[in-house]
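Inspection log for the structure reproduced underneath, given as structure tokens.
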Amino acid sequence: MKSEPTCYSIDDLKNDKREPWSGVRNYQARNFMRDDMEIGDKVLFYHSSCKVPAVVGLAKVCSRAYPDATALSKKDDHCDQKHTKDTPIWFNVDVSFVKKFEKDVTLDQIKFNPKLKGIMVSQRGSRLSIQPVSERHYEEIVRMAEK
């Protein structure tokens, strides 16, 4: 799961302990979250749109997908008039903090590690805020952070 650290960082999640992953307004990312995420799934927390994009810690999914309330709030930047209580379009899950890495795993490190070949975040033009990661890739990134 990607977030800009100036918007919501791993430190914010550490302080909050649990938070809805709201505001996702891309259908493919929404589908990954709504259809594929389950309680207990492991999450790589990735800081994007910053000086050094990197995986900075771990979180876990702690709720099933449910309608995103930010889509209903006219005061929120993520409001969508097509999203209603009766016909929700946008969904989120809650995530909880697990761990902040002492050593970030940078996008460049990910791109140049042959064991991470094919990971979506390293693909050109890949801008989704939520992306599936194989168990093998997840374990390699955690290993790199602990190295």
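Read the figures in this text as sums done on the coordinates, not as results from a lab. Note that this is a predicted model, so its numbers are computed, not measured. Here Cβ is always computed from backbone atoms with ideal geometry, including for glycine, and neighbour counts include all displayed protein chains.
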Q) Using Cα atoms only, what is the angle between the long axis of helix 135-146 and the major principal axis of the chain, expressed in degrees (0 to 90) to the nearest 10? A) 60 degrees
Q) So between Asn15 and Thr87, what do we pick up on full extension, going 0.36 nm a residue minus the alpha carbon distance? A) 22.6 nm
Q: Run the quick spin-label model on Arg136 and Asp77: label points 7 Å from Cα toward the beta carbon, then report their separation in nm to one decimal.
A: 3.8 nm
**Q.** Partner lysines for Lys103 [C-alpha distance under 30 Å; skip if fewer than 8 residues away on the same chain]
**A.** Lys2, Lys14, Lys17, Lys42, Lys51, Lys60, Lys111, Lys115, Lys117, Lys147
Q. What is the magnitude of the charge dipole of the stretch 53-124 about its Cα centre, with +1 placed on the Cβ of each Lys and Arg, -1 on the Cβ of each Asp and Glu, and no other charges, expressed in debye to the nearest 20?
A. 300 debye
(Q) Can you sort Arg30, Arg25, Arg124 from fewest to most other Cβ atoms within 10 Å of each residue's own Cβ? (A) Arg124, Arg25, Arg30
**Q.** Exposure proxy order (Cβ contacts within 10 Å, fewest to most) of Lys117, Lys75
**A.** Lys75, Lys117
Q | Positive-end extreme of charge dipole, the stretch 8-124 - chosen from Asn31, Ala69, Pro88 (charges on Cβ) | A | Asn31
Q: Only one of the values (1) 16.3, 53; (2) 15.3, 49; (3) 31.0, 89 was calculated from this structure for Rg and Dmax of the Cα atoms in Å; name its label.
A: (2)
Q: Among the lysines, select those whose C-alpha is under 22 Å from the C-alpha of Lys82, and discard any that sit fewer than 8 residues away in the same chain.
A: Lys74
Q | Under-5 Å amide H pairs with Ala54, H placed in peptide plane, nonlocal only | A | His47, Leu107
Q: Any chance you could check the Cα centroid distance between the stretch 99-122 and the stretch 49-84 for me, in angstrom?
A: 23 Å
Q.
Roughly how far apart, in whole Å, are the Cα centres of the stretch 1-20 and the stretch 132-147?
A. 20 Å
